[in-house]
Every structure is written in C-alpha cells, then in structure tokens.
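> What follows is a single structure, and I will ask about it in a moment.
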Amino acid sequence: MVKAEGVHKSFGHVHVLKGIDLEVAPREVMCIIGPSGSGKSTFLRCINHLEQISAGRLWVDGHLVGYREKNGKLHELHDRDVAAQRRDIGMVFQRFNLFPHMTALENVVEAPVQVKRVPKAQARERGAELLERVGLADRMHNYPNQLSGGQQQRVAIARALAMEPKLMLFDEPTSALDPELVGEVLDVMRGLAADGMTMVVVTHEMGFAREVGDTLVFMDDGVVVESGDPRQVLTDPQHQRTQAFLSKVL
Ligand code: ADP
Ligand code: MG
C-alpha cells in the first residue's frame, strides 16, 4: 500500500529525511516511534502530498505520489490528479482540526458532499453510521467546543473515514489529550485495525504499538534505524540508538 525507496526531504539547507526505505502491506498497521525532530511528521506529510519529496521514490497503492513516470522520466501530476490521490488517504493530526462552526455530523459530511459529490441525505446517513462506530451516536449535533478532546479526535477519525480511504495516517493522535481520554481514541483505532484498515501511526503509545502494530519502526535523525516485530523491537532492540531512546520512554 505504501512503498518508500530512498526518500529524501530537505527544507532549504535542512536535510530532514535522509533516505527512507520502507513498505506497508495492505491491512498492515505500522507504528513509527522516534525522538522529536527525527522526521516522522515530515514523512507522513510526504505520503499525503502535504510536502514534496526532494529525492527518491514514494508510491501509494501502486501509484507514484505526485508524479507519473513516462519513458523513465518523472512528470509532475496536475492538481486534479493530486487531489484524486489524496482522496484515498485519510489523515488524523495531533490537533483535531475540526471546523468549529459545524456540528460533528456536519464535519463528517462536508468532504463527501463537497469533494465527492455524494448526495447530502446519503452522506448524512453514512456520517451518522460512522459517528456511531466511533461511539458518538448521541453527540452528532454537538459543536466541537461542546465535545471533549477525545470526542473531537473521534469525530476527526470519523471524518477521515467518510472519504473511504485506502490508507489512514495518524500523527500522534493522542498526544494532545488528557491521559484519561487517550484510551477511547486508541480503542477506535484498534477497531479500525481489526477491520483491516491499512494504517501508519506515529505514536508514543508503546502499549498500542505492541498490541496493535504489525511492524514497529524506529526513526532517528531522518533515517529508519530499526524496524520489525513490535515485541522484538521493544524488548530486544538491536541498535544502540533504539536502546537509548527506549530507555528514556519506557
Ligand atoms: P518529528 O515529527 O519526528 O518530530 P518533524 O518531521 O516534524 O519531526 O521535523 C523534522 C525536522 O524538520 C525538524 O528539525 C523540523 O524543524 C524540520 N521541519 C519540518 N517542517 C519544516 C518546514 N516546513 N520548514 C523547515 N523545517 C522544517
Ligand atoms: Mg511530529
């Protein structure tokens, strides 16, 4: 579902991603951990077209991200083709980014109606189902400021799912939450994983990574230092940098 080959990203003189190679299979849950500033968010943003890679190749669902290849040459995609690629990817951020002037249901219905031209009644029906799925059937008509952080983040997940993505990216989805609200969001993500959603999750929740992740990737300073079975990486890290990081967070 995702393949990165020698992906580099620089911002001016700042070299952030220094050759990322990894693959995410359909239905796989990959968790990414690593120190602040190691390039985790930048990598997710490259997958989701929020940043353009500086070198290497990146594919989502078999398609080159942002480019098409013809006779060995890369051509930038037109905006509408980029939009079509992005539609298949859902992203959930640390900050919930809901539209504050819209109810939970309106937030969920917005993109399918505006972007996919789904008829409003149908989108509302599907939106209500999704909010029920994330445990918010009784909160549909509340505005974001009437919801807890955990509830807002669950609306954000439902909103991403409304576009029927093939791939879901999560960038520290529970880092901004009060500790007692973390579990309800992780439960929703656990359910998604059980339903077979392909997920890439940047997280500090090592318990989640161990129980739900198929693969755990440790990134440091723009490279993948180590990756593998989460239990193995967490209990028997092979690299000194992984050991040093884990000794600080576990
Ligand atoms: P992480 O998510 O692992 O904490 P980030 O991907 O957010 O790391 O950032 C990695 C590095 O890239 C940081 O040093 C950050 O300052 C830099 N960076 C990220 N975005 C930009 C940008 N738009 N312009 C310049 N530098 C950036
Ligand atoms: Mg980050």
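Every read-out reported here was derived from the displayed coordinates using simple, explicitly stated rules and does not represent laboratory data. For clarity, every value in this text was computed on a predicted model and none was experimentally measured. When we count neighbours, we look across all protein chains shown, and the Cβ atoms used for this are built from the backbone with ideal geometry, even at glycine.
> Counting C-alpha atoms alone, how compact is the stretch 139-189: give Rg to one decimal and Dmax as a whole number, in angstrom.
Answer for the stretch 139-189, Rg first and Dmax second: 11.1, 31 Å.
> Suppose every Lys and Arg Cβ carries +1 and every Asp and Glu Cβ carries -1, with no other charges. What dipole size does the stretch 12-134 come out with about its Cα centre, to the nearest 20 debye?
Working: 18 positive and 15 negative charges, 37 e Å.
Roughly 180 debye for the stretch 12-134.
> In Å, what Rg and Dmax follow from the Cα atoms of the stretch 185-250?
Values for the stretch 185-250 (Cα only, Rg and Dmax): 12.2, 36 Å.
> Here's another thing I want to ask about it. Under unit Cβ charges (Lys, Arg +1; Asp, Glu -1), what dipole magnitude, rounded to 20 debye, does the stretch 134-221 have relative to its Cα centre?
That gives a dipole near 360 debye.
> Right, something else. By how many nm would the segment from Arg117 to Leu64 lengthen if fully extended, with 0.36 nm per residue of separation less the alpha-carbon distance? Write down the numbers at each step before the final one.
On the way: separation 53, 0.36 × 53 = 19.08 nm, distance 2.57 nm.
Taking Arg117 through Leu64 to full extension adds about 16.5 nm, to one decimal.
> Would you pull out the residues with amide H under 5 Å of Val29's amide H, same chain only if 5 or more places away, H placed 1.01 Å from N?
Distant-sequence amide H within range of Val29: Met199, Asp214, Thr215.
> On to the next question. Can you show me the helix-derived [θ] at 222 nm for the chain, built from DSSP H runs with n ≥ 4 at -39,500 (n - 2.57) apiece and divided by the number of residues, rounded to the nearest 500. Don't jump to the answer; show the numbers that get you there.
Numbers: 9 runs with 94 residues, N = 250.
Calculated at 222 nm, the ellipticity per residue is -11000 deg cm²/dmol.
> Roughly what % antiparallel, to the nearest 5, for the DSSP beta bridges in the chain? Don't skip to the answer; put the middle values down first.
Values: 24 of 41 bridges.
The answer is about 60 percent antiparallel.
> What is the gain in length, in nm to one decimal, between Ser54 and Arg95 on full extension, counting 0.36 nm per residue of separation less the C-alpha to C-alpha distance? Mind dumping the intermediate values first?
Working: separation 41, 0.36 × 41 = 14.76 nm, distance 2.68 nm.
Length gained between Ser54 and Arg95: 12.1 nm.
> Given points 7 Å out from each Cα along the Cα-Cβ axis, report the Met102 to Asp195 separation in nanometres with one decimal.
Using points 7 Å along Cα→Cβ, the separation is 1.9 nm.
> Relative to the Cα centre, what is the charge dipole magnitude of the chain, using +1 at the beta carbon of each Lys and Arg, -1 at the beta carbon of each Asp and Glu, and rounding to the nearest 20 debye?
On the way: 29 positive and 33 negative charges, 152 e Å.
Dipole magnitude for the chain comes out near 740 debye.
> Turning to a different aspect of this structure: Would you please put 103-116, 133-146 in order of how densely packed they are, using the mean number of other Cβ atoms within 10 angstrom per residue and starting with the highest?
Numbers: 103-116: 19.6, 133-146: 15.9.
Taking the mean over residues of other Cβ atoms within 10 Å, the ranking is 103-116, 133-146.
> How high is the relative contact order of the stretch 44-83, given as a whole-number percent (alpha carbon pairs under 8 Å, six or more residues apart)? Spell out each step's value before the answer.
Details: 27 pairs, mean separation 10.8, N = 40.
Reported as a whole number, the value is 27 percent.
> According to a simple spin-label model (label point 7 Å from Cα along Cα-to-Cβ), what is the distance in nm between Asp88 and Glu76?
2.2
> Non-local amide H neighbours of Glu51 (under 5 Å, H modeled in plane, Pro and chain starts lacking H): which ones?
Here the answer is Cys46, since their amide H atoms fall under 5 Å of that of Glu51.
> Can you work out D for the stretch 42-103 in µm² s⁻¹ from Stokes-Einstein, where Rh is the Kirkwood radius over C-alpha pairs, the temperature is 20 °C and the viscosity is 1.002 mPa s? Display every interim value, and only then the final one.
Values: Rh = 13.2 Å.
Translational diffusion coefficient: 162 µm²/s.
> Give the cross-link partners of Lys40 among the lysines, using a straight C-alpha distance below 28 Å as the criterion and excluding same-chain residues fewer than 8 apart.
Lys3, Lys9, Lys18, Lys166, Lys248
> Can you tell me the order of 24-36, 225-237 when each peptide is scored by its average per-residue count of other Cβ atoms within 10 angstrom, highest first?
24-36, 225-237
> Where both partners of a DSSP beta bridge lie in the stretch 133-246, what percent of those bridges are antiparallel, to the nearest 5?
Numbers: 5 of 10 bridges.
Antiparallel bridges: around 50 percent, rounded to the nearest 5.
> With N set to the number of residues, divide the alpha-carbon radius of gyration of the stretch 84-178 by 2.2 N^0.38 Å and report two decimals. Spell out each step's value before the answer.
Numbers: Rg = 12.3 Å, N = 95, 2.2 N^0.38 = 12.4 Å.
Relative to the rule-of-thumb radius for its length, the stretch 84-178 sits at 0.99.
> Another question, then. Take the Cα pairs of the chain, get the Kirkwood Rh, then feed it into Stokes-Einstein at 37 °C and 0.692 mPa s and tell me D in µm²/s.
Working: Rh = 18.8 Å.
Diffusion coefficient, whole number: 174 µm²/s.
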